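Have a look at the structure below before the remarks.
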Amino acid sequence: MPLTLQLKKMSHADKLRALEAIWSDLAKNEGRFESPGWHGDALQEAQRLVKAGKAKFSDWDEAKARLRRKAAKVA
C-alpha cells in the first residue's frame, strides 16, 4: 500500500507526531521482528573494543554533528 506524506508541507511538530505514531505502532509488535544478524556482530565488536580499551566514545552533540556531516556528503 503506497503512502505519500506531504513532508515539505508538514510542520516540525507534525513530523514528530507522525514519527511517534509510527514508532508506537511498531513497538506493539516488537516481538515479531528479529534484529538482523549483523547487529549482533556489531554489538560483539563494540564489546570487544571496550574490553580492549580501544573503544572511542562521543557525546551526543558530537555524534549528531558527525552523522549530519556524513549525511550531507551522501545527499
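FYI, it's all coordinate maths here, none of it is from the lab. Remember, it's a predicted structure, so these values are computed and weren't measured experimentally. No Cβ is skipped: glycine too gets one built from the backbone with ideal geometry, and neighbour counts run over all protein chains shown.
A few points about this structure:
- Rounded if a/c under 1.5, otherwise prolate or oblate - segment 35-75, Cα gyration tensor axes: oblate
- Stretch in the chain that is longest and holds no chymotrypsin sites (Phe, Trp or Tyr not before Pro) that DSSP places in a loop and that have at most 13 other beta carbons within 10 Å: 1-32
- When you filter the trypsin sites (Lys or Arg not before Pro) in the chain for DSSP loop state and at most 16 other Cβ atoms inside 10 Å of their Cβ, you are left with Lys54, Lys56.
- Taken over segment 35-75, lysine pairs spaced eight or more positions apart, or on distinct chains, with alpha carbons under 24 Å apart number 6.
- Spatial extent of the chain: Rg and Dmax, with the Cα atoms as the point set, Å: 17.6, 49
- Around Lys8: net Lys/Arg minus Asp/Glu count, Cβ-Cβ under 12 Å: +1
- Theoretical FRET efficiency, 1/(1+(r/R0)^6), r = Cβ-Cβ of Leu19 and Ala46, R0 22 Å, to 0.05: 0.25
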